Amino acid sequence: MIKFFRKIRYRLWSENRTGKYLKYAIGEIILVVIGILIALQINNWNEDRKSRRAERGILNNIYENLGVDSIQFDYYKNQYKQIDNLHLDLYRYGIKNEALDSIAEPLLIRRSLYFKQLINSDSKENIYVINNQKVKNALVSYLGSVNDMELAYRLELAPLMNERLKPYFAEEELYNTKNWFELKNRKFDNTTFKEITGKNIVHKDKLLALSKTKRFQQLLFEVNLKWNEFYTRLETVIEENNNLRKLIKSELTNY
């Protein structure tokens, strides 16, 4: 093809047809430029397709992780409500002197949570691949809320439980060691909690008696306050999780 154009230009030049030669040369340059632009456009299109494919994969992964995390958050919410019910029972019995037919599981007084969120630092790195600014902003906000929730638990609630409440219960001989070691499965997590319920690992009568003391009442106030601060952040995380999943689901329909 290049040889063909070269022959035409040579013939026009040799025939001293300068005007036509210049026009033809300009036309040839325009064709070359158009060819280069088309090639660049095709390359850009291919790169954009690869980028959107990668972005879709990232959004799908985030969407799935958000779904798994939402199940974990519902579990935290359920645990909080059970713990709060026990706190209210101890308040009614210890401070208001109300007679109670029953109370929530006593072992919940020392309940701890374990965080297993799939949303992590990888999501922060992948934010730069996401083009939709609304999704990007929502994800940044969500990651910040998750971090706030975990910090509220680890920096405020957990130290209070581990350094003050649990040692205090040990001093008061609140734990039924025999009942604990006679359990077939001594793992305290969401899969075995039902097995522990009602086994009197924490002495119910001793706990109720302790709820009448000023020291316990002050600790109960602090612990319940920290649980509520954690739960407030958890509610924000659950709401943002739901909204972000809806947003990503809508965005994925555009691919």
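May I ask you to say which residue of D74, D84, D89, D69 is open to solvent by 80 Å² or more (accessible area, probe 1.4 Å), modelled with pLDDT of 85 or more and of a type outside the set (A, V, I, L, M)?
D74
Within the range 212-222, identify whether any single residue is aliphatic (A, V, I, L, M), touching a Pro at 6+ places or on another chain (Cβ under 7 Å) and either part of a helix (DSSP H, G or I) or at pLDDT 90 or above (or both), and answer yes or no.
Among the residues of the range 212-222, not one is aliphatic (A, V, I, L, M), touching a Pro at 6+ places or on another chain (Cβ under 7 Å) and either part of a helix (DSSP H, G or I) or at pLDDT 90 or above (or both), which makes the answer no.
Check I103 against each of (1) within 30 Å of the chain's Cα centre (by Cα); (2) of a type in the set (V, I, T); (3) open to solvent by less than 50 Å² (accessible area, probe 1.4 Å) and name the one condition it does not meet.
(1)
Test N241 against the stated conditions and say whether it is open to solvent by 30 Å² or more (accessible area, probe 1.4 Å) and polar (S, T, N, Q).
no
Here's the yes/no breakdown for (1) over 27 Å from E251 (Cα atoms); (2) β-branched (V, I, T); (3) assigned to a helix (DSSP H, G or I):
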site	(1), (2), (3)
V135	no, yes, yes
L143	no, no, yes
P159	yes, no, yes
L165	yes, no, yes
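Can you name every residue in the range 106-116 that is open to solvent by less than 30 Å² (accessible area, probe 1.4 Å) and within 30 Å of G67 (Cβ to Cβ)?
L108, R111, S112, L113
The values are calculated or read from the model by the stated rules, or taken from the named source; none is laboratory data. Since this is a predicted model, take the numbers as computed values, not measurements. Neighbour counts run over all protein chains shown; Cβ positions are idealised from the backbone, glycine included. With ligands, DNA and RNA removed, areas are computed over all heavy atoms of the protein, side chains included. Shrake-Rupley method; radii C 1.70, N 1.55, O 1.52, S 1.80 Å.
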